[in-house]
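The values are calculated or read from the model by the stated rules, or taken from the named source; none is laboratory data. Small disclaimer: the values here were computed from a predicted structure and weren't measured. Heads up, the Cβs are rebuilt from the backbone with ideal geometry, glycines too, and the neighbour counts pull from every protein chain shown. To get the accessible areas, we keep the full protein, side chains included, count just its heavy atoms, and leave off ligands, DNA and RNA. Shrake-Rupley method; radii C 1.70, N 1.55, O 1.52, S 1.80 Å.
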Amino acid sequence: MKRHVLAALGLATAFAVPAHAEDPVRVGLLLPFSGVYAALGNDIEAGFDLGLETFAPDSGFEVIREDTEVKPPVALAKTRKLILQDKVDVIAGVVSSGVLGAVRDAVHGAGVPLIVANAGNDDATGSACSPWITRMSFSNGQVNRPMGQWLHDQGITRVFTLAPDYAGGRQMIGGFVEGFTAAGGEIAGQEFTPFQKTQDFGPYLAKAKASGAQAVYVFYAGSEAISFVKQYDSFGMKAELPLYGSGFLTSPLYVNAEGPAAAGVVTALHYVPTIDTEENRAFVTAFEARTGRLPSEYAVQGYDSARALVEAAATGARGRAGLGEALRQVQFTGPRGQTSIDPATNNIVQPIYVYETVQGDDGMTQKILAELPARPDAANGCEMAPVAN
Amino acid sequence: MTTDPGFWLLQTLNALQLSMLLFLLSIGLTVIFGLMHFVNLAHGALYAAGAYVAASVSAVAGFWAGLVLAPLAVAVIGVLLYGGLIRRMRRSGPMAQVLVTFGLIFVALDLTRLIWGDIALASAMPPLLEGRLSVLGIDYPLYRLFVIGLGLVVFAALAFVLGRTQIGAMIRAGVDNDAMAACLGINVERLFFIVFCLGCALAGLAGAVAAPLLSVSPDMGLQILIPTLIVIVIGGLGSLQGAIAGSLVYGFVQTFGAVLAPGLASVLIYGLLAAILVIRPTGLFPAKG
Amino acid sequence: MFRHTFLRYAVLALLAAAALLRALTAGYFGLEILAEILILAILVLALDMVAGFGGMVSLCHGALMGLGAYAYGVLCVHAGLAPLPALAGAIALTGAVAWAIGAICARAHGIFFIMATLAFGQMAYSWVFETPLLGGDDGLGGIPRPDLSLLGIDLSDSRSFVLFCLAATALAYGAAVLVLRSGLGRSLGGVMHNEQRMRALGLTVWRVKADVFGLSGMLAGLAGALAAMQVMYISPGLLAWTTSGEALVVVILGGLGTLVGPLVGAAAFVTLKHGLSGVTSHWHLVVGLILIAVVMSRANGLFGWLEARWGARLDRRLADATREDTPREATNDA
């Protein structure tokens, strides 16, 4: 009577008959549709749907969406449901690193490919990497590291850093500090603010001002980013202490809520909607037509995740192991430029754009200052094995 | 740490600003408690509603229109809540009322998401208050000074109304002993209604004031709820002095905690709350002895 | 003091039968839901013990549950203990922490008690969130389930694990009933109804409160350790005050101070939540409206409503003898 989970899973994959090409690929879309990251989940889903429509117009994909509520236990229960009950071939999504940590062992143990469409935890493609987990978004260090060298090249040698006090914030700042000190820069001071509990950044801003730094480098996202940018501006600090940061600070998703306060802030990110390429123009037009707003980096992550899936399936690969292996070979030129998967870590390799937020004709827009070349992350203890049963 | 006096003055102003924002929020909650003996957990949701209304109105008609309309709109919500829920719950005990307002949090959260979406909004500062003012040798944002001033004005106005007017005396009588007040011919039911709506309007005002400082997001009400509760419990429930004292304690501990002991910043205030409750189980300035 | 009525026995038997039936027949996701219900059931039993029978409405039970989960996880992952000793350690540790919180908060009443427990819960949350050893925001993974292969049970199988949780829930229920019926439980009832008089009778009130709170904390620790085993991963979100708030909602929805009611509430809440979240991402709205409706109906939750309607009538008809009122043994100290 008892069915052993792992044994059952082993059997399921062992007996998996190569499916007919007409059988739809079953995709579990695991995103937060409620909770603090609902806006991100919605943007990724819109991008993902657009990607499937664009690259696989005759469908061939069946999407089952599940809400993680940004709660790791809920996400894990939903993941098990997708794997065991819905018998999906592949899972895409995952916004928060906490959720990624919770589902990591489940997908790794069950042998189900997971396309990470946001969560940037360095360890997921480092010490905790898995051949089953392919990241189409970014890693926290990757986005910030090149900015260290770039900032030093602009003649800035002393920087004060600020970020929320959680693993993601520490990794983002860690990546920047690594790049900046390697280039010869000096950190004047660092503060980590209580995550999602800080209403007033005033005390930290005064400390930054008193530190004798030439510039401030920060990571904030979502509503914290809006509060931070506005308060930074209201203290009039932009003139004497220019504000730099990780590009999530001035994401298109909420830069208009920041308004003129964001003008002049220079940040780095793997995507901005003003990248001047044919692929990006097509994507922006299609996304705007669909949602009425400009695509954010989250939208492009969803879009490229869908494209990676379509391209993996187009090689004729079917089933969990087949798709998992094919996903690792995917490379294409998309809205954010030439992207590929690093075989050593399964993390995406992509260019990083340094951009300044400027006042546009209708609302704030992004002026690209530099395109920093794509560099794979160091393996950080990742020992990648081939996808195996 | 720096010995520059300007730095410490700046931090003191920061602490005052946070205190006054919390004071605007907690005074409504604490007076409602003092009179009606229940904690309105949906107070944070009213604050969020005020911020959303202010953001929407100010996008069309400017900041000042938002600042006036937001408290009015939230007071109307208060009227509806009182008529629809609170009045019928008058006799069912504080626990039931707390739970109804807990349910309201869920409802309000999803309603704001349905109406305004998941993406955070913001409202612009009024041009009049955009710059900075030189105070004793340091530049301080004018808007923050405005928040401090508004908090002090509201405090003074409430102190006058509660201490010097007839309605204030009636409210104090109601807080002290509502049954006795009713015997003396005070229409306690109407008093409850007025105080409840006033408390809601103040929450709306706090939301409107916070909107240009912070971001306006669906979970802002939930985020501010715990600090507000801490303020009124430290201060002692039901009293004006308690609300101002609690706000100042919270504002200064948070600000100077962040400056002097950043590693402890988030644990410090909870430790202080626990300590105060152990030493004085009813807070610093309870309304009743 | 807690008393079983015919209705309570009947609902208990019904619940147990339904759980057993589901455990043997449900699919994978059904089993996940059932495990979630059972773990929540233990937590709300613990909460009802203090809130329903001692008037101590706690907003730190979520944090206690989280502490249990982390204690179990750390003892297994970092200290290398076997799962069963780690489980015992987690229960003991959570009980000790809860006893201390109960002792410190014993003087506070009503909203002040709620706030004091909230403060301790939030302190634990912030501490776990910011401690790198515990994984911070990223949580702690790789948590094992106990090895019961000596008994021929493989807990890595979902069905066996659910049956294990069911057994744990039954044990927890038995323990709660035992405590509430003991001298300690009777003293607690006296304290809830008239603290002054109990003190005048020579009772050390704070000890009674702390002892029951500690025992309740042990149950919460058990729930936490089971949650860690179920998910095999823990994150600080478990300790957030909203978990405690949700547990309180479940107790009220089910029926405060009935022990059986919260079990009904747990089953109803989890089933409703999963049913709704499949339909709309705005399920909080519906849950909120239902909560308001239940409270407005002035019944003591779902089970309380049932009890008010049928309980007395059934009992009168079936067994007059069980209803005779024995005077409370008030001086029975712990």
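Can you name every residue in segment A:176-189 that is crowded, with 19+ Cβ neighbours inside 10 Å and either over 20 Å from the mean Cα position of the chain (by Cα) or without any contact (Cβ under 8 Å) to a residue 40 or more places away in the chain (or both)?
Selection gives A:Val177, A:Gly179, A:Phe180, A:Gly185.
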Which of the residues spanning segment A:333-368 are outside any loop (DSSP other than H, G, I, E, B), loosely packed, with under 15 Cβ neighbours inside 10 Å and of a type outside the set (Val, Ile, Thr)? A:Gln338, A:Gln359, A:Lys367
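To keep it simple, each residue is scored yes or no on (1) within 14 Å of chain B (Cβ to nearest Cβ); (2) under 24 Å from C:Ile252 (Cα atoms); (3) under 14 Å from the mean Cα position of the chain (by Cα).
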| site | (1), (2), (3) |
| --- | --- |
| C:Leu45 | no, yes, yes |
| C:Cys60 | yes, yes, yes |
| C:Met65 | no, yes, yes |
| C:Leu75 | no, no, no |
| C:Gly80 | no, no, no |
| C:Leu84 | no, no, no |
| C:Ile91 | no, no, yes |
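When you scan segment A:266-274, do you find a residue that is within 11 Å of chain B (Cβ to nearest Cβ) and either modelled with pLDDT of 90 or more or not in a helix (DSSP H, G or I) (or both), even just one? Let's see the steps before the verdict.
Keep residues of segment A:266-274 that are within 11 Å of chain B (Cβ to nearest Cβ), which gives none.
Checking segment A:266-274: not a single residue is within 11 Å of chain B (Cβ to nearest Cβ) and either modelled with pLDDT of 90 or more or not in a helix (DSSP H, G or I) (or both).
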Scanning for something surrounded by fewer than 22 Cβ atoms within 10 Å (Cβ to Cβ), among the small types (Gly, Ala, Ser) and in contact (Cβ under 8 Å) with a residue 24 or more places away in the chain, does segment A:260-277 turn up at least one residue? yes
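Condition test on A:Ala188, is it within 14 Å of chain B (Cβ to nearest Cβ), assigned to a strand (DSSP E or B) and closer than 30 Å to A:Glu45 by Cα? I'd like the intermediate steps shown before the answer.
Numbers: within 14 Å of chain B (Cβ to nearest Cβ): yes; assigned to a strand (DSSP E or B): yes; closer than 30 Å to A:Glu45 by Cα: no.
The answer is no for A:Ala188.
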Do you know which residues across segment C:17-34 are part of a loop (DSSP other than H, G, I, E, B) and more than 10 Å from chain A (Cβ to nearest Cβ)? C:Ala26
Filter segment C:143-153 down to the residues that are open to solvent by less than 50 Å² (accessible area, probe 1.4 Å) and either facing another protein chain (nearest Cβ under 7 Å) or hydrophobic (A, V, I, L, M, F, W, C) (or both) and list them by number. C:Ile143, C:Leu148
Identify, by number, the condition in (1) open to solvent by 20 Å² or more (accessible area, probe 1.4 Å); (2) away from chain A (no Cβ under 14 Å); (3) closer than 28 Å to B:Ser266 by Cα that C:Ser244 doesn't meet. (1)
Quick check on this structure: which one of B:Ala49, B:Ala42 is within 19 Å of B:Ala108 (Cβ to Cβ), modelled with pLDDT of 95 or more and not hydroxyl-bearing (Ser, Thr, Tyr)? B:Ala49
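Looking only at residues in segment C:98-112 that are open to solvent by less than 10 Å² (accessible area, probe 1.4 Å) and farther than 19 Å from C:Tyr70 by Cβ, which one is nearest to the other protein chains (Cβ to nearest Cβ)?
Here is the first cut: in segment C:98-112, the residues open to solvent by less than 10 Å² (accessible area, probe 1.4 Å) are C:98, C:102, C:105-106, C:108.
Those still in the list that are farther than 19 Å from C:Tyr70 by Cβ too: C:102, C:105-106, C:108.
Working: C:Gly102: 13, C:Cys105: 7, C:Ala106: 10, C:Ala108: 5 Å.
Ranking the candidates gives C:Ala108 first.
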For the subset of segment B:101-128 comprising residues that are without any contact (Cβ under 8 Å) to a residue 40 or more places away in the chain and of a type in the set (Gly, Ala, Ser), which member is farthest from A:Gly41 (Cα to Cα)? B:Gly103
Please give the number of the condition C:Ser58 fails out of (1) touching a residue at least 12 places away in the same chain (Cβ under 8 Å); (2) among the small types (Gly, Ala, Ser); (3) part of a helix (DSSP H, G or I). (3)
Mind checking whether some residue in segment B:232-250 is among the polar types (S, T, N, Q), buried (at least 24 other Cβ atoms within 10 Å of the Cβ) and in contact with a strand residue (DSSP E or B) (Cβ under 9 Å, 6 or more places away or on another chain)? no
